[in-house]
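Enquirer: Starting off with a structure, shown below.
Just so it is clear, none of the values below were taken in a lab; they were calculated from the coordinates. Predicted model only: the values in this text are computed from it and were never measured. All Cβ positions, even for glycine, are placed from backbone atoms using ideal geometry, and neighbour counts span all protein chains on display.
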Amino acid sequence: MNFIKKGKRLRFEPAALTESTDYLHNPSCGWYRIYPFALEEKPDFEELFWCLCAQETIALVLADIGAFRDCELSEAALCNLGDILHFFANNKKEIILRITYDREGRGMQREPDFLSTVTGHMQQLGTVIRAHHEQILLVQGLLVGSWGEMHDSKFLSDERLKQLMRVWQEALGDISVAVRTPQQWRILHPKNSVPGTDKVGLFNDGMFGSPDHLGTYGWQKKEESGWRGQWCREEEIEFTGRIATSVPYGGEAVGDSPQLAFEEMAEELQRTHVSYLNSVHDARRLGQWKETRWQESGIWGQLSVFDYIGCHLGYRFVVREVRMEGKKDCCLRIRIENTGFSVLTEEAELLLWLGKEYIVLLDSLCGIMPREVEEITADLSKKTINSGQQLSMALQKGEESARPLSLALRRKRDKRPLFFANALSEDGSVLLGQLAFDRE
C-alpha cells in the first residue's frame, strides 16, 4: 500500500469519534423472544411473519415433540421443523433451538419412558438441524426435563447424561450445545477440564430468581463439593464466565426480589459474559429494569437499566482513538475497546477503507475481553498489509481534495456486517478521518 508520492507529504485529519448509546443490531447477541411450535402441526408462516420483532437478531425456536413420546417422529414433523428453521433463516434471525417434550412443567410425565426413544429422536432431528447449521447459534438442552431445561427428568443420572450428550453431539455435528448448569457441564467433562475450549456451553433461565439462581448454583466451596458437585455462587460465576468465551451464554432474568443493586446485576452479567436475554420474560424483573434509571455518570446516565443492559449484551466495539505517526514512514494506530458484557466468539475481519478501496487490516478479530483495548497498527508506507491486497491513493498532481478513511467490521464466515458503537456512515463504517497529500 504505497501512499508516498514524490514531492508530496501525507496529511491526516482525524474525525471526532463519539460513542453511541444506540442498540446495535449485531448478530449472535442481544434480546430475543421465544417462538413455540408443536411439530405435529403445520405452522402458519404468514401470521408468524407479523409476530417477528424487527429489532432482534436472535429467535429462540421452541419445538415441542411431546406428541411423539411413544413413537418415531413423523416425516411431516421433520418437514415442519425444516420449514420453521428455513423461515427464520430467510428472515435473517439466528436461531437458539430447544427441542422439548414438555411445555407445562411436567417433564417426568411427558418425556418418553425409554432412553432409546430419546436417542432415536435425536438421530432423526440431527439430519434436519445440520442442514441449517449456519443459522443456528446453539442448541439448548438434551430434549428432556420440564420445558426442556434439564430438570425433573428420569434421564439425568451421570451416565445417562453423558450418553444423551454423546448421541446429540454426533447428531448435530459441529453445532454448539448448551446445558443448564455448570455442574452438568462438569459431569460431561473429565476432572479439571479447561472451560471455554469446546462447543459445550451453558444457558441459565433462572438468573437473579434467588441467591442461587433457582438451583443453578450450590452453597459449598469447590474443595468441599468436588468436581461433579455444585459450587457456591462466586465460584460458579467465575467458572461460567470462562465457558462463555467459546459458546454464547444467556437465558432469562426472573423474579422481583431486590437481592442485588441494579449495578451489581450488570456487573454479574459482565462477569458471566452474557450474550443474550429474553426480552419479554420475566416481566417483573424486566419491568424493574425499565422503570429505573442507570445511576452511573456519562453517556448512559439518561437511559434505563433495561436499555443499558440491552446495549451491552454480547460484544460491543467502540473505536476510541485513531492517530497518524510519522511523515514518510507513516503509521496509523487505531484503538478499539470492547465495552460489551462478552466476547465475539467468531472470527471477524477488520476492514480499512479509503474511499471505495479497502484492505483487510486484521483477518481474525475475536476474543477481545470486555473492558479490554486492542491497538491495531497499519504501516501505510508498505504496499501490502496482511491480505496481500493493494490500496493506493491515486490523487492527481495538485489535487487538494481529501479522501475519507474509514473502518468496518464483518463476520468472516458470511461477510455479515458487525456494527461499531460509534456514529456510523450509511454503509455502517466508522469515519476515522480524511487523508490527503500536501506539496512539500
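Enquirer: Output ³J(HN,Hα) for segment 342-356: one whole-Hz value per residue in order, computed from phi by the Karplus curve 6.51 cos²θ - 1.76 cosθ + 1.60 with θ = phi - 60°, and x for Gly and Pro.
Expert: 10, 10, 7, 8, 10, 5, 9, 9, 9, 10, 9, 9, 10, x, 9
Enquirer: Let me check the size of segment 279-318 from its C-alpha atoms; what are the radius of gyration and Dmax in Å?
Expert: That works out to 10.8, 32 Å for Rg and Dmax.
Enquirer: Arrange the following residues from fewest to most other Cβ atoms within 10 Å of their Cβ: 34, 136.
Expert: Fewest-to-most ranking of 34, 136: 34, 136.
Enquirer: Going toward the positive end of the dipole of the chain, with +1 on Lys and Arg Cβ and -1 on Asp and Glu Cβ, which of 172, 259, 207 do you reach last?
Expert: Value: 172.
Enquirer: As a test of the formula, what do you get for the chain when each DSSP H run with n ≥ 4 contributes -39,500 (n - 2.57) and the sum is divided by the residue count, at 222 nm and rounded to the nearest 500 deg cm²/dmol?
Expert: Taking each H run of at least 4 residues, the total per residue is -7000 deg cm²/dmol.
Enquirer: Based on DSSP, what percent of beta bridges with both residues in segment 30-312 are antiparallel, to the nearest 5?
Expert: Percent antiparallel among DSSP bridges in segment 30-312 is about 5.
Enquirer: What distance in nm lies between label points placed 7 Å from Cα along the C-beta direction at residue 199 and residue 412?
Expert: The modelled label-to-label distance comes out at 1.7 nm.
Enquirer: One-quarter of the Cα convex hull surface for segment 30-312, in nm²? Don't jump to the answer; show the numbers that get you there.
Expert: Numbers: hull surface 59.2 nm².
So the mean shadow area of the Cα hull is 14.8 nm².
Enquirer: For the chain, set up a Gaussian network in which alpha carbons nearer than 10 Å are linked by springs, and say which option among 250, 141, 82 fluctuates the most.
Expert: 82
Enquirer: Related question: Largest first and in whole Å, give the semi-axes of segment 147-251's equivalent ellipsoid, each being the square root of 5 times a Cα gyration tensor eigenvalue.
Expert: 20, 15, 15
Enquirer: On full extension of the chain, what length is gained from residue 40 through residue 83, given 0.36 nm per residue of separation minus the C-alpha to C-alpha distance?
Expert: Gain on extension, residue 40 to residue 83, equals 14.2 nm.
Enquirer: Just going by the charge dipole of the chain, with Lys and Arg at +1 and Asp and Glu at -1 on Cβ, which of 128, 17, 189 is farthest out on the positive end?
Expert: Going by the charge dipole, the pick is 17.
Enquirer: Also, I was wondering about something else. Got the relative contact order for the chain handy, in percent, Cα pairs under 8 Å and 6 or more residues apart? If you can, show how the numbers build up before the last one.
Expert: Details: 972 pairs, mean separation 75.3, N = 440.
Computed over the chain, the figure is 17 percent.
Enquirer: Next question. With a cap of 12 neighbouring Cβ atoms within 10 Å, and only residues DSSP puts in a loop, list the GluC sites (Glu not before Pro) found in segment 266-373. Write down the numbers at each step before the final one.
Expert: Details: sites: 267, 268, 291, 296, 321, 325, 337, 346, 347, 349, 357, 372; in loops: 296, 346, 347, 372.
For GluC sites (Glu not before Pro) across segment 266-373 that sit outside H, G, I, E and B with at most 12 neighbouring Cβ atoms in 10 Å, the list reads 296, 372.
Enquirer: Give me the distance in nm between label points sitting 7 Å out from Cα along the Cα-to-Cβ direction at residue 18 and residue 104, one decimal.
Expert: The two pseudo-label positions are separated by 5.6 nm.
Enquirer: Could you give the length gained by full extension between residue 377 and residue 51, i.e. 0.36 nm per residue of separation minus their alpha carbon distance, to one decimal place? Can you show the working numbers first?
Expert: Values: separation 326, 0.36 × 326 = 117.36 nm, distance 4.52 nm.
Going from the current span to full extension adds 112.8 nm.
Enquirer: Report the per residue volume, in Å³, of the convex hull enclosing the C-alpha atoms of segment 39-147.
Expert: Measuring per residue, one finds 98 Å³ for the Cα hull of segment 39-147.
Enquirer: With 10 angstrom as the radius, rank 116, 246 by how many other C-beta atoms surround their C-beta, starting from the fewest.
Expert: Working: 116 9, 246 18.
Ranking 116, 246 by Cβ neighbours within 10 Å, fewest first, gives 116, 246.
Enquirer: Same structure again: Just list whichever of 154/191; 93/415; 162/222; 162/191; 92/356 have alpha carbons separated by over 18 Å in the model shown. Intermediate values should be presented prior to the final figure.
Expert: Numbers: 154/191 24 Å; 93/415 15 Å; 162/222 21 Å; 162/191 14 Å; 92/356 27 Å.
Pairs exceeding the cut-off: 154/191; 162/222; 92/356.
Enquirer: Taking only Cα atoms and a 10 Å spring cutoff, compute GNM fluctuations for the chain and point out the largest among 308, 217, 35.
Expert: Comparing 308, 217, 35 in a Gaussian network model of the chain, the most mobile one is 35.
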